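Below is one structure; the comments refer to it alone.
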Amino acid sequence: MPPPKTDTQRDCDDGDDEPIVEDLILDPNDPMRAFLPAAFGKQTGARDRAVEFDKTKRGGASEEKGKGKGKEKEKGKQQRKRESSDEEEDDDSDDDDDASDEDEFPTSHELVLKAHTKTVSSISLDPSGTRVVTASHDHMVKFFDFPSMSSDSLNPFRSVEPSESHHVHSATFSDNGQSILVIPAANQAQILSRDGETLVEFVKGDMYLRDMHNTKGHVSEITAGCWHPTDRNRLVTAGTDSTLRIWDVNNKRHHKDIIVHKSKTAKGGRSRMCCVAWAPGEGGAKSMLGTVAMDGSLMVYGGEGPFTRPAMEVKDAHQRESWTSSMVFSQDGRLLVTKGGDHTIKCSSYSTLLMTIVVWDTRKLKTPMNTREFATPIPPESNIVFSPNGTNLLTGDANGNLHILSPATLISEQTIPITPSQPLVTVNWHSKINQILTGSSTGAINILYSPTASERGAKLVVTRAPKKRHIDDDPTFSTDLASGGLSEDAILLPNALLGRAKGGLSSQLGGKKKGSIAPEMPAPTPWGKSNPDQEHVKKAYALSSMRDEDPREALLKYAEVAEKEPMFTAAWSKTQPKTVYAEISDDEEETNARDTKRQRR
């Protein structure tokens with residue numbers, strides 16, 4: 001007799017197209033729900049973008065509005081609050097203002113990359129904004145790739161040490177994103193590929209030559225360098241040997257052009273070159289090459305030469321014997337901004353410089369347009385950059401704040417705390433992805449972005465699902481040699497000793513235990529710990545008896561045989577006359593020796 005039909009079967013018999021799926025009767029708090037699938041078919045693993053963006057939103061970080069535009073907005077808010085009696089309208093107006101601020105500056109959300117162990121000296125992105133290269137005082141250059149990163153995997157895919165035991169001043173992408181100019185604290189600049197391979201290492205000069213025109217390369221530390229704005233095969237480097245050298249990528253054995261700065265104040269006519277910048281020639285304008293020396297001189301040369309003398313020069317642009325950490329041209333080449341030090345001060349537990357930001361007009365370079373002073377980090381790589389549209393300046397200070405300045409007035413439109421109580425050294429604002437990257441003395445890289453105004457970059461990393469990990473990725477279950485096991489491709493020899501496994505053959509034969517500082521014992525010899533006896537050596541090794549034999553006696557054994565049966569002189573033994581020697585007594589021999597000595601005297 002067949003079993004009775006259920007309600008679902010009866011509904012199907014009635015002609016319904018879709019079967020009714022009954023819900024699982026399970027308590028909502030039952031842990032078994034975590035192991036049951038939520039749906040059938042392949043799961044896409046999509047994440048809620050709004051939720052992930054909220055996790056990286058900058059909470060609790062107050063943005064101090066500066067004078068000018070920032071104060072005008074604050075006054076407008078207060079006035080609207082006084083006039084309006086409806087609280088909801090006030091909230092809506094505040095939200096609109098916040099949204100407009102976020103659209104203008106992508107600083108509402110933040111992603112932190114723990115890249116280096118020491119100060120981050122440089123951050124550069126390729127033109128597409130997919131790859132990031134960073135330089136640091138920990139001697140390393142690290143490569144990040146946004147498309148291959150996820151929220152749980154923020155590590156670089158490549159780490160390179162360009163010059164051993166030398167920290168790196170900067171690492172900069174070329175205009176096509178295929179090459180990277182690396183400036184280490186040495187006398188040889190390098191060019192790396194976008195994957196970290198060394199392509200070119202320029203030659204170093206002869207330090208014993210006095211005239212810098214006769215040296216093929218720098219003779220002392222290089223401090224700065226940059227690419228030509230349009231020619232990807234040319235670059236310039238500045239060094240402490242008081243020279244600027246222009247290089248051709250295809251000729252690494254000799255610089256193409258050289259600029260020797262002869263200081264009138266420094267000893268010997270030399271002065272360290274602090275920074276260098278190459279301005280593009282847009283709108284029919286000529287390109288310009290600018291530099292600042294440690295004697296305070298600001299010089300601007302024609303970007304295409306000749307480089308015999310500067311086209312414009314300001315001798316006391318900054319205080320003498322003070323370091324100018326950065327200089328930058330605007331896109332049209334009309335504005336030039338320099339960031340130089342005046343005198344050293346102490347701020348809390350670290351040293352800072354009271355830096356001066358100076359805005360110059362290249363059409364009239366004699367007097368600056370505006371200046372501003374504030375505490376700036378002591379590292380010599382502290383930079384200042386223009387925003388992509390050229391309407392703002394970005395720089396960091398010694399308190400870990402990011403300043404967004406107006407080029408006309410140098411007033412902070414926004415002051416954003418990034419790393420409180422830790423100096424903010426380097427800043428970069430990429431135009432294509434519209435994201436701001438900052439590097440501090442802690443070694444961390446902070447990426448500021450906006451979910452609405454930014455594109456790709458950190459947004460992709462935040463919203464991408466975590467990478468699926470295989471069981472072999474767990475080091476506790478790994479069977480590789482590093483963890484004490486053997487891989488499946490390993491070849492085991494019958495007489496070979498196994499690795500340092502716990503309780504294995506290695507420990508039984510006196511091997512080194514984990515955590516021990518004692519050296520490993522040598523492998524046992526065939527005769528054990530004792531030395532082999534003399535009889536064993538004579539039997540085991542051929543010609544071992546010659547060790548105790550007198551070589552003179554061994555040769556005299558064959559003297560009589562060689563005389564009777566000569567091997568080499570047997571052909572003329574019968575034809576040659578017998579050699580006859582004079583018979584001289586001992587007394588005559590001594591007399592002849594005395595006469596010879598007298599003749600020599």
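The values are calculated or read from the model by the stated rules, or taken from the named source; none is laboratory data. Here the structure is a predicted model, which is why all the values come from computation and not from measurement. FYI the Cβ positions are ideal-geometry reconstructions off the backbone, even for glycines, and counts take in every protein chain you see.
Okay, residues lined up against (1) within 25 Å of Val182 (Cα to Cα); (2) touching a strand residue (DSSP E or B) at 6+ places or on another chain (Cβ under 6 Å); (3) in a strand (DSSP E or B):
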{"position": "Arg372", "(1), (2), (3)": "no, yes, yes"}
{"position": "Pro380", "(1), (2), (3)": "yes, yes, no"}
{"position": "Val385", "(1), (2), (3)": "yes, yes, yes"}
{"position": "Thr391", "(1), (2), (3)": "no, no, no"}
{"position": "Leu394", "(1), (2), (3)": "yes, yes, yes"}
{"position": "Ala398", "(1), (2), (3)": "no, yes, no"}
{"position": "His403", "(1), (2), (3)": "no, yes, yes"}
{"position": "Ala408", "(1), (2), (3)": "no, no, no"}
{"position": "Ile416", "(1), (2), (3)": "no, yes, yes"}
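Taking the range 299-340 as the range and being at positive phi and either aliphatic (A, V, I, L, M) or touching a Pro at 6+ places or on another chain (Cβ under 8 Å) (or both) as the test, only Gly333 passes. Within the range 334-354, if we keep just the residues that are farther than 15 Å from Leu405 by Cα and surrounded by 21 or more Cβ atoms within 10 Å (Cβ to Cβ), the residue that is modelled with the highest pLDDT turns out to be Gly340. Residues of the range 278-298 being in contact with a Pro (Cβ under 6 Å, 6 or more places away or on another chain) and either crowded, with 21+ Cβ neighbours inside 10 Å or not in a loop (DSSP other than H, G, I, E, B) (or both), which ones? Once the filter is applied, which keeps residues that are in contact with a Pro (Cβ under 6 Å, 6 or more places away or on another chain) and either crowded, with 21+ Cβ neighbours inside 10 Å or not in a loop (DSSP other than H, G, I, E, B) (or both), the range 278-298 yields only Trp278.
Quick one: would you say Thr452 is β-branched (Val, Ile, Thr), in contact (Cβ under 8 Å) with a residue 40 or more places away in the chain and part of a loop (DSSP other than H, G, I, E, B)? Yes. Looking only at the range 528-576, residues that are aliphatic (A, V, I, L, M), assigned to a loop (DSSP other than H, G, I, E, B) and at pLDDT 75 or above come to 3 in all. Residue check: is Thr117 within 19 Å of Ala444 (Cβ to Cβ) and surrounded by fewer than 15 Cβ atoms within 10 Å (Cβ to Cβ)? It is true that Thr117 is within 19 Å of Ala444 (Cβ to Cβ) and surrounded by fewer than 15 Cβ atoms within 10 Å (Cβ to Cβ). Cβ separations smaller than 9 Å between residues 6+ apart or across chains give the following pairs from the range 219-240 residues that are free of Cβ contacts under 8 Å to residues at least 40 places away in the same chain to residues that are charged (D, E, K, R) and surrounded by fewer than 20 Cβ atoms within 10 Å (Cβ to Cβ): Val219/Lys204; Val219/Asp206; Asp231/Asp175; Asn233/Asp248; Arg234/Asp248; Arg234/Lys256; Thr240/Glu221.
Here are Val385, Val358, Val425: which of them is surrounded by 21 or more Cβ atoms within 10 Å (Cβ to Cβ) and at pLDDT 90 or above? Before the answer, list the steps.
Numbers: Val385 fails: surrounded by 21 or more Cβ atoms within 10 Å (Cβ to Cβ); Val358 fails: at pLDDT 90 or above.
That would be Val425, the only listed residue that is surrounded by 21 or more Cβ atoms within 10 Å (Cβ to Cβ) and at pLDDT 90 or above.
Residue check: is Asp473 acidic (Asp, Glu), modelled with pLDDT under 90 and either within 21 Å of Val132 (Cα to Cα) or surrounded by fewer than 13 Cβ atoms within 10 Å (Cβ to Cβ) (or both)? Yes: the conditions hold for Asp473.
Taking Thr130 as the residue in question, decide whether it is hydroxyl-bearing (Ser, Thr, Tyr), surrounded by fewer than 21 Cβ atoms within 10 Å (Cβ to Cβ), touching a residue at least 24 places away in the same chain (Cβ under 8 Å) and at negative phi.
Numbers: hydroxyl-bearing (Ser, Thr, Tyr): yes; surrounded by fewer than 21 Cβ atoms within 10 Å (Cβ to Cβ): yes; touching a residue at least 24 places away in the same chain (Cβ under 8 Å): yes; at negative phi: yes.
Spelling it out, Thr130 is indeed hydroxyl-bearing (Ser, Thr, Tyr), surrounded by fewer than 21 Cβ atoms within 10 Å (Cβ to Cβ), touching a residue at least 24 places away in the same chain (Cβ under 8 Å) and at negative phi.
For the range 156-184, residues that are over 13 Å from the mean Cα position of the chain (by Cα) and not hydroxyl-bearing (Ser, Thr, Tyr) total 4. Please work out if Arg253 is in contact (Cβ under 8 Å) with a residue 40 or more places away in the chain and basic (Lys, Arg). Answer is yes for this residue.
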